[in-house]
Each structure stands twice: as structure tokens, then as C-alpha cells.
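The structure appears right after this line, and notes come after that.
The values are calculated or read from the model by the stated rules, or taken from the named source; none is laboratory data. What you see is a predicted model, and the numbers here were worked out from it, not measured in a lab. Ideal geometry is used to build each Cβ from the backbone, glycine not excepted, and the neighbour counts take in all protein chains shown.
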Amino acid sequence: MTSSLGTTSPNRREHARDRAVRAAVAQGLLSAAEPVVALLDTTGIRASAAALTSAFAAVTDAPVLHAFAVKAAPLVPVLRLLYEAGLGAEVASPGELALARAAGVPPSRTVLDSPAKTRDELRQALTLGIAVNADNFQELDRLDALVALVHGTTAVPAIGLRVNPQVGAGAIGALSTATATSKFGVALRDEGAREAVVQAYLDRPWLTRLHTHTGSQGVPLPLMAEGVGAAHALAEEINERAGRRQIDTLDIGGGLPVNFASDEDTPDYATYVRQLAATVPGLFDGRYALVTEFGRSLLAKHGTILARVEYTKTSGGRPIAVTHAGVQLATRTVYAPESWPLRILAYDAEGRPRRGEPPVVQDVAGPACFAGDLLATGRALPPLRPGDVVAVPDTGAYYFAHHYAYNSLPRPAVYGFTPTDEGGVAFSTVRRAQTVEQIVAESGGDRPDALSS
């Protein structure tokens, strides 16, 4: 039997993580044979889902579908957990759609987004009854034929068009999707584009949604709200020109930034909702159903990578702790450390927090064979020793779920954890560790002579 530790407060999060680290070591999940594992706090995930749904429910009685962005954590048990917590799924590929279906997410709670959907993908979505956000006018032309094809055999699902409000970039250009030259959606400020969008809706009565997404990490809340405001104003204009409420749903995307500097949830969903209400007063008046597509903000704070320290050494006077977690798990941090810095927490060989020792400036390195494979550079930490454990928090989204097979390093096992009434920790296997045999099989091991004469 499990017990909740309440909301995802910083103290609760730290306490739960410390218990889980020690339990993972004690129960042999992290060991010499399995020197790197990933943990997910299921209680914390449920709390984040509840915080999201309650924040919107507090300001509108209109229907709201919170469709989790599957790309943030493409793990079937995670998608099932979130579905049971009231969320749907936003998918951007046939693989992500297959994962959502395997998790039991129904078509009615699934949204398909992608800038490069094939005809077959569109046909499958319409046949299944999955909502679709078209990316461009050429895709609308494809949908014209497909809608006519499925009409009469099944109800046409909700279809929208993604627009780019071109409101500008945040601090991380690669994650800013509303720039002047973004590859996503129809650029509203380009010459003639706005009128073309309006006409596209007037020509297609089945086009009933409007979609926008300004970006995620590094994008400030006022800029996100400005993008939503531009889409809301466009919906109002289209409905006025149509003389009816043709657009009945606004898909406002997701992208709430995550604080990687501490265990604090800043910003939180309630803060974002207040920003939206102040910037777009009509958004929550009940006239539009809403769709959100949050990903990172739901999972990041509830994931932790654990890795054993294999060796410690000194180079040029700088201490270095060599661990088993690096670029294969924290790819963004290794290649763009200024944009994606991660905290490093030190534990002893039994999984107890290292406290009381003067910190030492040191590097924390991964196992890959290139010099830049570093989780942290020049970081003040308690002195690390071989056999110690380093924990990398805030990695529940876009980290260990997206394996980068450098050096043919294996995918780690992923475990969910929950506190028990007896003060222990119960683990469940989300994904088993990849074996060497699986690596060989995925690398053409069954056809070694394929290129031989």
C-alpha cells in the first residue's frame, strides 16, 4: 500500500528523491552490473497532472483537453499513467501514435501535429477519428481530398490549422517556434498570409480548430501569451467573417518552461493561466473549447538519473569523476551546456547524501569517447570517490527517454517509484535495460554477410 506525500513541494521532492536513491542502491537496481538507471516519481507526476487540470478548471467551464506531448517522454507506462490522471496525447509521428494507442489513449483524446505528415498518416488519423492540426496550405489541399473520401463512412474528426504568430524568439532559438522564419505553421505576418488563412476557413466548413505554439524552454510567459492572443484574435476575425462560430476550439500548445536550478516549480500552471487571462481576456469566457500540449513541465521535475562513479582522477589540477551517465542520456546538456545546465547531487556508495565535507571544484564526466562528454564542468561538489552515486535531477523529460546510442552504450532501465506506508520505496519497471544482444540485433547482427561478396 502506498501513501501520498502531498504536493510537489521542494521539501517533499528532495525527501522522496533521497529515499528513492538509497532504496535503488539497497534493492540492487543500481549496481556494478547496472551502473546507470533512471527513476520516475509517480506521485509527483500525478500531482503535476492535477495541478495542470485544476489551474484551467478554475478559470473556465469550457471543455479542455490536456494532450501530453508524447515526444517529451515516449514511454507507454508514462502515457497510461497520465491518461488515468485525465490527460490525452499529442503525437507527431506514427511511432508516437502507436505508443499512445498502446497506452490505451482513445482517438477522441489524441491530437496529431507534425510539419511533415504523409497522406497515409493523415488518412489513418481521419479514419481513426483523431484530431489533426494541419501545418500549411499544401496539407489543407491533401485534406480536401481525404475529407471527401472519409465523409459518409465515418464522422470527420476535428481539424485545425497551425499558425505562426511571429511574435519572436526566447532565449533558446532552437526551441522558439514563433520566429519570423520558423518552419512551423502559416506565418501570419507574411504578405497576404492572414487573408489566405481566413479564406481557407471560409472555403472549408469542416475546418473548426485553430492551433498555435510559441515555444517552450527559454520562452517567457508574456511572449507565450502574446502568441495565444494572436490566435484568439484571428479566430474571432474568422468567425465574424463566416457569420457563425466556425472555429469552436483553440489549441494553444504547451511549452511551460522548467526551472532546472532548484526543486521549485517556477513558473507553475496557475501563474501561466493568470498570464493568459490578463493578456487574452476572452480566452476563458466559455465560447471556445481548449486544447493544451504540455510536455516537459509535466515530467521533468519527477525524473532522476543515477550513475555510479567508476573512477576519479586529476587532469591539469582539476579533479574529474568519471561516471556512466553522459551524452547517451543528457544529449542536450553535453552539446549545449549553456542552454541546458543540470544539477548534480552527490551520494555515497550506499545512496546516502554526501554532506558535511567541504566542496571541491570538479568535473563530472560521462563514459563516451570524446572530450566534451561532461555532465558538469567546474562544479563545486562534495569530493566524489569510486563507488559513489551521482544523481541528475530534473531529467524526467527529453533525457533518459531519448537514447543517443553513442559508443553503442545501452539504454538504461527506467523505474517508477512510490513511497510505502512503512517508510520504504516500491519500484515498478517502466522499461528494462537494453542488453548487449539487443544492441547487436538492432545493428544488423542477423545479417553479418549482407555487404560481403
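Out of all the residues in region 338-388, which are touching a residue at least 40 places away in the same chain (Cβ under 8 Å) and of a type in the set (K, R)?
R343, R352, R385
Restricting to region 407-430, name every residue that is among the hydrophobic types (A, V, I, L, M, F, W, C), outside any loop (DSSP other than H, G, I, E, B) and closer than 21 Å to E442 by Cα. If you could, list the steps in order and put the result at the bottom.
Step one: of region 407-430, the residues among the hydrophobic types (A, V, I, L, M, F, W, C) are 409, 413-414, 417, 425-427, 430.
This time we only want the ones that are outside any loop (DSSP other than H, G, I, E, B), so: 413-414, 417, 425-427, 430.
Once the filter is applied, which keeps residues that are among the hydrophobic types (A, V, I, L, M, F, W, C), outside any loop (DSSP other than H, G, I, E, B) and closer than 21 Å to E442 by Cα, region 407-430 yields A413, V414, V430.
Per-residue answers, yes or no, for (1) of a type in the set (D, E, K, R); (2) surrounded by 23 or more Cβ atoms within 10 Å (Cβ to Cβ); (3) in a loop (DSSP other than H, G, I, E, B):
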| position | (1), (2), (3) |
| --- | --- |
| G86 | no, no, yes |
| E90 | yes, yes, no |
| G95 | no, no, no |
| A100 | no, yes, no |
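Can you list residue pairs whose Cβ atoms sit under 6 Å apart, with the first residue in region 425-442 being in the same structural domain as H15 (by TED's automatic domain parsing) and the second being of a type in the set (A, V, I, L, M) and not in a loop (DSSP other than H, G, I, E, B)? Count only pairs 6 or more apart in sequence or on different chains.
V425/A20; V425/A23; V430/V414; R431/V414; R432/A413; A433/A413
When P382 is evaluated against the numbered criteria (1) buried (at least 19 other Cβ atoms within 10 Å of the Cβ); (2) more than 23 Å from A24 (Cβ to Cβ); (3) not aliphatic (A, V, I, L, M), which criterion, by number, is the only one it fails?
The single condition P382 does not satisfy is (2).
Quick check on my filter: what residues within region 304-321 are free of Cβ contacts under 8 Å to residues at least 24 places away in the same chain and among the charged types (D, E, K, R)? Explain how you work it out, then say what you get.
To start, the set of residues in region 304-321 that are free of Cβ contacts under 8 Å to residues at least 24 places away in the same chain comprises 313-317.
Hit for region 304-321 is K313, nothing else.
Which residues, counting only those in region 129-149, are in a helix (DSSP H, G or I), among the aliphatic types (A, V, I, L, M) and at pLDDT 95 or above?
First, the residues of region 129-149 that are in a helix (DSSP H, G or I): 137-149.
Next, from what is left, pick out any that are among the aliphatic types (A, V, I, L, M): 140, 143, 145-149.
Listed by number, the residues that qualify are L140, L143.
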